[in-house]
C-alpha cells in the first residue's frame with residue numbers, strides 16, 4: 001500500500017511540474033463578432049495542441065474603449081504579452097518604448113507580406129501585419145444605366161465621377177449621385193485623404209520639417225470633394241450612407257469590404273460595381289490601414305509570443321480568418337492567391353486597390369493630426385468655411401502640435 005501511495009505522489013509531483021512548466025501568453029484582441037470569434041478560438045486551440053508547453057489566454061477588447069484599456073494597462077505595467085493594434089496606434093506606443101522591436105524576427109519573411117510601412121517607426125519594425133484594409137468606389141450599375149451610361153463604364157478620373165454623379169442626381173428628387181460622410185470621428189478624414197493623395201498632395205515635406213496641408217494640390221483636392229458634397233451629396237454617417245446606397249437611393253459611395261459582407265449576410269439585391277479610387281488623369285490612391293500584432297516590451301516570453309504571432313498570421317490562417325469574416329485584404333501575399341479571393345470580382349478590386357493605397361504618417365501625434373484634418377474638412381463642408389482658409393488653419397494647428 002505504501003508503494004502505491006508513493007507512486008501516486010510521484011506521479012502527482014511530475015504532473016504538477018509539467019503543468020507549472022507551461023508558459024502562459026496573454027493576447028488582447030478585438031474580433032468578437034460571432035462569425036469570427038469561434039475561428040479565432042479554434043486557431044488558439046490548434047496552436048496549443050501543436051505547442052503543449054504554451055497556453056494562450058485570450059481577452060476581448062471593443063473599439064469603443066479598447067485603446068483606452070491598452071493605454072491604462074501599459075501605464076500600470078499590466079499590459080498583455082501580445083496586443084492587436086490598429087495601424088494608427090503603432091507609433092504612439094512604439095515611441096514610448098512599449099512595443100518590442102521585432103525587425104530581426106521578421107526579416108526572413110518580410111517580402112512575403114504587405115503593410116510593413118505602417119508598422120515601421122524610427123527605422124524599426126514594431127508589429128506584424130495581420131489583416132489590412134482599404135477603401136474602394138462602389139456604384140449602383142442600374143442607376144448608371146438609367147443615367148445613360150454603358151454597361152462597361154467605370155469612372156477613372158474625378159471629372160468623370162463628377163459628371164456621372166450629377167447625371168444620376170438628375171434622375172429623380174429622391175435619388176442622389178454621391179454619398180457624403182457626415183462629421184463622424186475617425187471616418188471623415190479617411191474619405192478625404194484618397195482625394196488628397198490622388199491629387200499628388202502630401203501632408204509633410206520629405207524630410208518631415210514642413211506641413212504641406214495647405215498646398216495648391218491640397219486645396220484642389222478639397223474643392224473636388226466639396227463639389228461632390230454640395231451638388232449631389234446624401235449626407236449621413238457611414239452606416240446611413242450604406243443603408244441608402246443598398247436601398248438604391250445613391251449612385252456612388254466610398255466604403256470598405258464590410259459592405260460586401262452586409263450584402264451577402266442581408267441578401268441584398270443590388271447591381272453592384274466596385275472600382276478603384278479615381279484620379280486626376282488616371283487611377284488615384286486610396287486609404288490604407290490594418291490590424292497588426294505587437295509584443296509588449298515587458299513580456300517575459302517574447303519568443304513564445306512571436307511563435308504565436310507567426311502562427312496566427314500564416315497564409316493558411318489568414319485565409320481562414322478572411323473567409324469567416326468576409327475580409328478582402330490579408331497581409332500575406334500567398335494568402336491573396338487563394339481561390340476564395342479570385343472567385344469574386346469585388347474581392348479582387350480590394351486586393352488590387354491595396355497596391356494603390358497610401359497610409360497616414362507613422363507618427364505618435366497622428367491622433368491629433370487626424371483631428372485637425374477632420375476639422376478642416378468639416379469647416380469647409382458644414383460651416384461655410386473657405387477651403388483654402390480651412391486647410392491653412394489646420395496646417396497651423398499641425399505645426400503647433402509638431403513643435404511641442
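The values are calculated or read from the model by the stated rules, or taken from the named source; none is laboratory data. Everything numeric here is computed off the predicted structure, so don't read it as measured data. No Cβ is skipped: glycine too gets one built from the backbone with ideal geometry, and neighbour counts run over all protein chains shown.
Restricting the search to the stretch 334-359, which residues are out of contact with any helix residue (DSSP H, G or I) (no Cβ under 6 Å at 6 or more places or on another chain) and closer than 18 Å to residue 129 by Cβ?
If the condition is that a residue be out of contact with any helix residue (DSSP H, G or I) (no Cβ under 6 Å at 6 or more places or on another chain) and closer than 18 Å to residue 129 by Cβ, then 337, 350, 352, 353, 354, 355, 356, 357 are the ones that fit.
So that you can scan it fast, the table gives a plain yes or no per residue for (1) touching a residue at least 40 places away in the same chain (Cβ under 8 Å); (2) crowded, with 21+ Cβ neighbours inside 10 Å:
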| site | (1), (2) |
| --- | --- |
| 236 | yes, no |
| 239 | no, no |
| 243 | no, no |
| 254 | yes, yes |
| 262 | no, no |
| 266 | no, no |
| 269 | no, no |
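Yes or no: residue 298 farther than 20 Å from residue 138 by Cα and assigned to a helix (DSSP H, G or I)?
Answer is no for this residue.
So in the stretch 198-216, with the set limited to residues that are in contact with a helix residue (DSSP H, G or I) (Cβ under 8 Å, 6 or more places away or on another chain) and not in a loop (DSSP other than H, G, I, E, B), which one is surrounded by the fewest Cβ atoms within 10 Å (Cβ to Cβ)?
So the residue we want is 211.
Kindly establish whether residue 19 is within 27 Å of residue 78 (Cβ to Cβ) and at pLDDT below 65.
Values: within 27 Å of residue 78 (Cβ to Cβ): yes; at pLDDT below 65: yes.
Here the answer is yes, as residue 19 does meet what is asked.
Considering only residues that are in contact with a strand residue (DSSP E or B) (Cβ under 7 Å, 6 or more places away or on another chain) and surrounded by 18 or more Cβ atoms within 10 Å (Cβ to Cβ), look in the stretch 55-76 and name the one that is farthest from residue 290 (Cα to Cα).
Per the stated criteria, the residue is 56.
Could you check how many residues of the stretch 271-314 are without any contact (Cβ under 8 Å) to a residue 40 or more places away in the chain and within 18 Å of residue 331 (Cβ to Cβ)?
1
Among the residues of the stretch 245-255, is any within 22 Å of residue 327 (Cβ to Cβ), outside any strand (DSSP E or B) and at pLDDT 95 or above?
Checking the stretch 245-255: at least one residue is within 22 Å of residue 327 (Cβ to Cβ), outside any strand (DSSP E or B) and at pLDDT 95 or above.
Report, by residue number, each residue of the stretch 196-228 that is more than 13 Å from residue 373 (Cβ to Cβ), more than 23 Å from the chain's Cα centre (by Cα) and at pLDDT 95 or above.
Within the stretch 196-228, 215, 216, 217, 219, 220, 223, 224, 226, 227, 228 qualify.
Scan the stretch 323-366 for residues that are assigned to a helix (DSSP H, G or I), touching a residue at least 12 places away in the same chain (Cβ under 8 Å) and within 23 Å of residue 206 (Cβ to Cβ) and report the count.
Number satisfying all stated conditions: 2.
Would you mind listing the helices (runs of 4 or more DSSP H) fully within the stretch 91-170 where at least 2 residues are surrounded by 16 or more Cβ atoms within 10 Å (Cβ to Cβ) and in the same structural domain as residue 307 (by TED's automatic domain parsing)?
Values: elements: 103-106, 116-119, 141-146, 158-169.
Filter on the stretch 91-170 gives 103-106, 116-119.
Name the residues in the stretch 271-282 that are surrounded by fewer than 16 Cβ atoms within 10 Å (Cβ to Cβ) and modelled with pLDDT of 95 or more, would you?
271
Can you name the residue in the stretch 348-372 that is closer than 15 Å to residue 137 by Cβ and more than 15 Å from the chain's Cα centre (by Cα) and, of all such residues, is surrounded by the most Cβ atoms within 10 Å (Cβ to Cβ)?
It comes out as 349.
Take residue 388 and tell me if it is crowded, with 21+ Cβ neighbours inside 10 Å, in a helix (DSSP H, G or I) and in contact with a helix residue (DSSP H, G or I) (Cβ under 6 Å, 6 or more places away or on another chain). Write out each step before concluding.
On the way: crowded, with 21+ Cβ neighbours inside 10 Å: no; in a helix (DSSP H, G or I): yes; in contact with a helix residue (DSSP H, G or I) (Cβ under 6 Å, 6 or more places away or on another chain): yes.
In short, no.
Only one of (1) in the same structural domain as residue 125 (by TED's automatic domain parsing); (2) surrounded by 15 or more Cβ atoms within 10 Å (Cβ to Cβ); (3) out of contact with any strand residue (DSSP E or B) (no Cβ under 7 Å at 6 or more places or on another chain); (4) assigned to a helix (DSSP H, G or I) is not met by residue 316, so which one is it?
Single failed check for residue 316: (2).
Could you grab me the full set of residues in the stretch 33-51 that are assigned to a helix (DSSP H, G or I) and surrounded by 12 or more Cβ atoms within 10 Å (Cβ to Cβ)?
Listed by number, the residues that qualify are 37, 39, 40, 41, 42, 43, 44, 46, 47, 48.
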